[in-house]
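This is the structure I want to talk about, given as structure tokens.
The values are calculated or read from the model by the stated rules, or taken from the named source; none is laboratory data. Given the structure is predicted, the values throughout are model-derived calculations rather than measurements. No Cβ is skipped: glycine too gets one built from the backbone with ideal geometry, and neighbour counts run over all protein chains shown.
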Amino acid sequence: MSTATTHGGPQLPQERRLVTEIPGPRSRELFARKQSAVPPGIGTTLPVFVTHAGGGVIVDADGNSLIDFGSGIAVTNVGNAAPRVVERVQKQVADFTHTCFMVAPYESYVAVCEKLNDLTPGDHEKRTFLVNSGAEAVENAVKVARHATGRQAVVVFDHGYHGRTLLTMSLTAKSMPYKHGFGPFAPEVYRVPLAYPFRWPTGPENCAEEAAAQAIDMINKQVGAENVAAVLIEPIAGEGGFIEPARGFLPKIVEYCRANGIVFIADEVQTGFARTGHLFACEDEGIVPDIICTAKGIAGGLPLAAVTGRADLLDHVHTGGLGGTYGGNPLACEAALGVLETIEEEKLVERARHIGEIMLPRLRALQERNPIIGDVRGRGAMIAIELVVPGTKEPHPAGEIARRCHEQGLLALTAGTYGNVLRFLPPLVIPDHLLEEGLSILEKALNID
């Protein structure tokens, strides 16, 4: 896999190529324009301006070709400008761009919903509706749960991230930068411990049992199970640092929800669509959510998100209670159908597992040689390392390591409640040699004193 099609036309060489410093002069010129036109609240991880992307590379305005370990934050799972996505979108944009599904519907919206009803975990009868973003999907899932149960409280977890709207900010754990200065927040949101193996006080072997017991005890004492509409969790915490809850934790939480009539909502915005080596991350422990929220990887870069859940829950909401002008835009729906075709035909679930089989052993070997790496974790092509002050679990900031990677042509992202996690989300179509080269760049960046 040495080339990738972009824009339905020429193939991009799958190589790292640096022809200027990073960022180069053209990107610096464009960044100056950005600073005068865009508020500083819109941050930038890597100040290069992209002109092309495909396979495992992005090409900037100065002609540099960088290895992509970010996928636009787990969006371009099938690759940028993937051929099936491009072909479908090009045809659709020539036919019509918008009617509003609630005004004059079209088949592609229904087809996406049918696919998600079929592909998401569980063989129960389901319904799906489409919105624009992950935050919007989460917010709508909470609306459905509250309406169907007649309850108000929502339980979320430490280290969780769910979006930047008022409600999803309230659901999100981390204050800076997501919540700082934006209060007051939405009421009836309650936070309980997450099973975080690396940082669990009594050790990872006790994490699942103790964390579940603590969470359930807090809900019972502080909220009351009979008042809880929904429990909302990411099967792997994304912005919180790619935290895999200790095995056994999620099943215990689901069991508690089932016993108490609580809607279990899985936020699979970042983990969905083959990213973790399953089509959806909750499949790893056989979790069947009552409602699942998806976005990011669903449409190859076009804005689309979905709420899929038990028919009895979603059918409970009155006509007009759900929707939005742009939700399920026809271009995005065609893109989503192209994404799902690509995942199936190119066997990208298996490909994600292969990526993990390359990355995890190399990162664990690097951990043995470099005590700044406190933890290596993740599944499939959703991998992270947590950085610590050697000999301790005190967080070591990840920003400088990421910057060194950027200078050498590797796009790497940071994450974590403590800002000390490097997360890796390569496109599932990235060739092996770029994975290996990217890991070599990371190794050098970690070994600079």
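Determine which member of the set Phe69, Phe49, Phe101, Phe96 is in contact with a strand residue (DSSP E or B) (Cβ under 8 Å, 6 or more places away or on another chain) and over 26 Å from Val429 (Cα atoms).
From the options Phe69, Phe49, Phe101, Phe96, the qualifying one is Phe101.
Then there is this: Any idea which of (1) within 22 Å of Val339 (Cα to Cα); (2) of a type in the set (Ser, Thr, Tyr); (3) modelled with pLDDT of 95 or more is the one Thr5 doesn't satisfy?
Failed condition: (3).
Can you name the residue in the range 134-181 that is of a type in the set (Gly, Ala, Ser) and within 18 Å of Asn260 (Cα to Cα) and, of all such residues, is surrounded by the most Cβ atoms within 10 Å (Cβ to Cβ)? Spell out how you get there, then give the answer.
From the range 134-181, those of a type in the set (Gly, Ala, Ser) are 134-135, 137, 141, 145, 148, 150, 153, 160, 163, 170, 173, 175, 181; that's our starting set.
Still in the running and within 18 Å of Asn260 (Cα to Cα): 145, 148, 150, 153.
On the way: Ala145: 26, Ala148: 21, Gly150: 8, Ala153: 22.
It comes out as Ala145.
Examine the range 97-106 for a residue that is touching a residue at least 24 places away in the same chain (Cβ under 8 Å), more than 19 Å from Ile298 (Cβ to Cβ) and not β-branched (Val, Ile, Thr), and state whether such a residue exists.
yes
Please go through the range 368-379 and pick out each residue that is more than 18 Å from Ala274 (Cα to Cα) and buried (at least 17 other Cβ atoms within 10 Å of the Cβ).
Within the range 368-379, Ile372, Ile373, Gly374, Asp375, Val376 qualify.
Just for the range 43-65: of the residues that are part of a loop (DSSP other than H, G, I, E, B) and modelled with pLDDT of 95 or more, which one is surrounded by the most Cβ atoms within 10 Å (Cβ to Cβ)?
Per the stated criteria, the residue is Gly56.
Also, I was wondering about something else. Could you say which residue among Leu428, Leu442, Leu413 is more than 20 Å from Ala173 (Cβ to Cβ) and touching a strand residue (DSSP E or B) at 6+ places or on another chain (Cβ under 9 Å)?
Answer to the selection: Leu442.
Right, next: So His159 passes all but one of these: (1) in a helix (DSSP H, G or I); (2) in contact with a Gly (Cβ under 6 Å, 6 or more places away or on another chain). Which condition number does it fail?
All conditions pass for His159, except number (1).
Going through Val103, Val93, Val144, Val85 one at a time, which residue ends up being more than 30 Å from Leu250 (Cβ to Cβ), among the aliphatic types (A, V, I, L, M) and in contact with a Gly (Cβ under 9 Å, 6 or more places away or on another chain)?
Working: Val103 fails: in contact with a Gly (Cβ under 9 Å, 6 or more places away or on another chain); Val93 fails: in contact with a Gly (Cβ under 9 Å, 6 or more places away or on another chain); Val144 fails: more than 30 Å from Leu250 (Cβ to Cβ).
Criteria check complete, one pass: Val85.
Also, quick follow-up: Does the range 73-89 include one or more residues that are assigned to a helix (DSSP H, G or I), within 30 Å of Glu285 (Cβ to Cβ) and of a type in the set (Val, Ile, Thr)?
yes
Give me the residue from the range 177-202 that is touching a Ser or Thr at 6+ places or on another chain (Cβ under 6 Å) and in a loop (DSSP other than H, G, I, E, B) and, out of that set, nearest to Ala230 (Cα to Cα). Step through it out loud before you land on a result.
Filtering the range 177-202 for residues touching a Ser or Thr at 6+ places or on another chain (Cβ under 6 Å) gives 178, 185-186, 189.
Then drop every residue that is not in a loop (DSSP other than H, G, I, E, B), which leaves 178, 185-186.
Values: Tyr178: 22, Phe185: 18, Ala186: 15 Å.
Per the stated criteria, the residue is Ala186.
Within the range 386-400, can one find any residue that is closer than 27 Å to Ala82 by Cα and at pLDDT 95 or above?
No.
Name, by its number, the condition in (1) buried (at least 20 other Cβ atoms within 10 Å of the Cβ); (2) assigned to a helix (DSSP H, G or I) that does not hold for Glu443.
(1)
Of the residues Glu136, Glu209, Glu205, which single one is within 25 Å of Ala295 (Cα to Cα) and outside any loop (DSSP other than H, G, I, E, B)?
From the options Glu136, Glu209, Glu205, the qualifying one is Glu136.
Which of (1) modelled with pLDDT of 95 or more; (2) surrounded by 15 or more Cβ atoms within 10 Å (Cβ to Cβ) does Glu29 not meet, given it meets every other one?
(2)
Which of the residues spanning the range 391-426 are over 23 Å from Phe157 (Cβ atoms) and in contact with a His (Cβ under 8 Å, 6 or more places away or on another chain)?
Ala412
Step by step: first the residues of the range 224-256, then only those that are charged (D, E, K, R) and farther than 17 Å from Ala137 by Cβ, then the one that is surrounded by the most Cβ atoms within 10 Å (Cβ to Cβ). Which residue is that?
Among residues in the range 224-256 that are charged (D, E, K, R) and farther than 17 Å from Ala137 by Cβ, the one surrounded by the most Cβ atoms within 10 Å (Cβ to Cβ) is Glu244.
I've got another one for you. Suppose we filter the range 130-143 for residues that are farther than 16 Å from Glu268 by Cβ and touching a strand residue (DSSP E or B) at 6+ places or on another chain (Cβ under 8 Å); how many remain?
1
Residues checked against (1) at pLDDT 95 or above; (2) within 17 Å of Val75 (Cα to Cα); (3) surrounded by fewer than 21 Cβ atoms within 10 Å (Cβ to Cβ); (4) touching a helix residue (DSSP H, G or I) at 6+ places or on another chain (Cβ under 8 Å):
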position	(1), (2), (3), (4)
Ala381	yes, yes, no, yes
Arg403	yes, no, yes, no
Gln408	yes, no, yes, yes
Thr417	yes, no, no, no
Val421	yes, no, no, no
Leu425	yes, yes, no, yes
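Give the residue that is farthest from the chain's Cα centre (by Cα), with candidates limited to residues of the range 73-91 that are over 16 Å from Gln11 (Cβ atoms) and surrounded by fewer than 20 Cβ atoms within 10 Å (Cβ to Cβ).
Among them, the one singled out is Lys91.
Quick check on Asp284: is it among the acidic types (Asp, Glu) and more than 18 Å from the chain's Cα centre (by Cα)?
In short, no.
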